[in-house]
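These notes are about the structure you will find just below.
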Amino acid sequence: MPVDKRTLAANLVGYMSRFLGCDLSCAPVGIPLIVPSKRRCRREPSYARPFPLVILVIGKRCVVSARPEIADALRPLLGGRKISARLLGPAFGKRLADVCRECLPKRLAPGGWRFSRPLVFTCSRPRRVPAVPGAIVIDPASTPPLPRARGLRPTPVRLGANGQISRCVLYRGKIVAECYTICVRDNNVGSIGIETAPGFRRRGFGKMCLSALTRCLIDNARVPEYTTAYDNLASVKLATSIGYRLFARMLRVQPR
């Protein structure tokens, strides 16, 4: 049974809550500052190192998650300010990157810090897209290995592990596009990745692939999550053409 919109939103909020270490469903409208303990930073280096600072906006809710070392420096910068789409811009991101550079040891990011502005999309009812003549969608887990188009990288995930699945587009005897779940996290949230061979882009193959995988996730009561950079207009257009809708905005600081 496909998940309804309310369950889909609840599952995705649950995943985001786990990522930030707080209950977003109870987060007030404002700017609560979440500071993970030093013990958690030691226990979960993947949380502590790549993203020492994350701002997440879901609707009117907003939280800021920061490592203990930079929490004190952030309070005066964020105190009393309302987070908005306008505030989550390049100038503000640069200031946050400067705060990390000043407050965190250089060994964590020898090349310095940079900010990124991901957009998180989700979908409850994917649109059917017209098939490209001569192209079919296949499940690579149930077919023998097939040749891949030039420039299409191997699948970066191990299919079948932790519920990971994939859909490929076969065209003229070669795989030209592939869409896969990078991981299926708690709350049944499937994070999606997509690859299309350079010579086959903008021809509808990626759209076929993404639509098929999204439908498969929803039919198995999983929540599709599609994350892309705010300035990757081709990726945003691809997601919205399938029926994805913007769920959350982020601004995060990470090593260069």
- Item | Within the stretch 138-178, considering residues that are in a loop (DSSP other than H, G, I, E, B) and crowded, with 17+ Cβ neighbours inside 10 Å, the one modelled with the lowest pLDDT | THR155
- Looking only at the stretch 81-114, which residues are polar (S, T, N, Q) and at pLDDT 80 or above? none
- Top-ranked residue of the stretch 179-191 - restricted to ones that are in a strand (DSSP E or B) and not polar (S, T, N, Q), ranked as modelled with the lowest pLDDT: VAL184
- Task: Would you check which residues across the stretch 197-249 are in contact with a Gly (Cβ under 8 Å, 6 or more places away or on another chain) and closer than 24 Å to ARG150 by Cα and list them?
- Result: ALA197, PRO198, GLY199, LEU238
- Every listed condition ((1) modelled with pLDDT of 90 or more; (2) within 30 Å of VAL57 (Cβ to Cβ)) holds for ASN220 save (1)
- Tell me, yes or no, whether the stretch 189-196 has at least one residue that is crowded, with 19+ Cβ neighbours inside 10 Å and out of contact with any Asp or Glu (no Cβ under 9 Å at 6 or more places or on another chain). no
- Identify the single condition in (1) within 12 Å of the chain's Cα centre (by Cα); (2) within 27 Å of VAL99 (Cβ to Cβ) that PRO224 does not satisfy, given that it satisfies every other one. (2)
- Output the residues belonging to the stretch 213-223 that are out of contact with any Pro (no Cβ under 7 Å at 6 or more places or on another chain) and buried (at least 24 other Cβ atoms within 10 Å of the Cβ). LEU213, VAL223
- Query: Scanning the stretch 224-249 for residues that are among the aliphatic types (A, V, I, L, M) and farther than 21 Å from VAL129 by Cα, which turns out surrounded by the most Cβ atoms within 10 Å (Cβ to Cβ)?
  - Reply: ALA248
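The values are calculated or read from the model by the stated rules, or taken from the named source; none is laboratory data. Values in this document were obtained by computation on a predicted structure and should not be read as measured data. Note that each Cβ is placed from the backbone with ideal geometry, even for glycine, and that neighbours are counted across all protein chains shown.
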